[in-house]
1. Using a 1.4 angstrom probe and counting only protein chains, how large is the accessible area of Thr4 in Å², to 10?
2. Output the 0 to 90 degree angle, nearest 10, between the alpha-carbon long axis of helix 36-46 and the longest principal axis computed from the alpha carbons of the chain.
3. Kirkwood hydrodynamic radius (Cα pairs, Å) of the chain?
4. Please sort 39-49, 9-19 by packing, taking for each peptide the average over its residues of neighbouring beta carbons within 10 angstrom, highest first.
5. Mind checking the angle between helix 60-72 and the chain's longest principal axis? C-alpha axes, 0 to 90 degrees, to the nearest 10.
6. Do the sum for the chain: with -39,500 (n - 2.57) for every DSSP H run of n ≥ 4, divided by all residues, what is the mean residue ellipticity at 222 nm, to the nearest 500 deg cm²/dmol?
7. If you fit an axis through the alpha-carbon atoms of helix 79-91 and take the longest principal axis of the Cα set of the chain, what angle between them do you get, 0 to 90°, nearest 10?
8. Counting Lys and Arg as +1 and Asp and Glu as -1, what is the net charge of the other residues whose Cβ lies under 14 Å from the Cβ of Ile64?
Amino acid sequence: MSGTAERGILVCGTGIGMAIAANKVPGVRAASCADTYTARMAREHNDTNVLALGARVTGNEDAIEIVRVWLETGFAGDRHARRVEKLAAIERKEPRWHVPAH
C-alpha cells in the first residue's frame, strides 16, 4: 500500500472540525456536507476530494445518501476549474493569492 488515496471520508461530531483539519493538508479540498445538494456542489464546483460528515447532526440514511451522491458526482470543470486553480495557488503561497494572517 502506498498510503495515498484519490478521495477520503471523515466523520466527527459535526464534520466541521474534521474539514478544517483536513484542509491544512496539502492537496486536500475538504467540505463538510449535511445534505445531498451541498455534497453535489462540493464535487461539481469545487472538486473536493474529502467529504466530512457529522455523526451527531446527520442520520444514518441521510449520511449514506450524501456519500453516494458525493462519490457519484464528477467535477464540472470549465469556469469552476479557475476557482480550484486559485485554491491551489493559495496553497502554493503564490504572492498574488497570499492570505494575510490576522
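1. 110
2. With rounding to tens, the tilt is 20 degrees.
3. Value: 14.3 Å, from the Cα pair sum.
4. Peptide ranking by packing, descending: 39-49, 9-19.
5. So the inclination is approximately 40 degrees.
6. After summing the helix terms and dividing by the residues of the chain, the value is -13000 deg cm²/dmol.
7. That helix lies at roughly 70 degrees to the long axis.
8. Charge balance near Ile64 sits at -4.
The values are calculated or read from the model by the stated rules, or taken from the named source; none is laboratory data. Computed from a predicted structure; not experimentally measured. Backbone-built Cβ (ideal geometry, glycine too); neighbour counts: all protein chains shown. Each accessible area value is taken on the protein alone, full model and side chains, heavy atoms only, with ligands, DNA and RNA left out. Shrake-Rupley method; radii C 1.70, N 1.55, O 1.52, S 1.80 Å.
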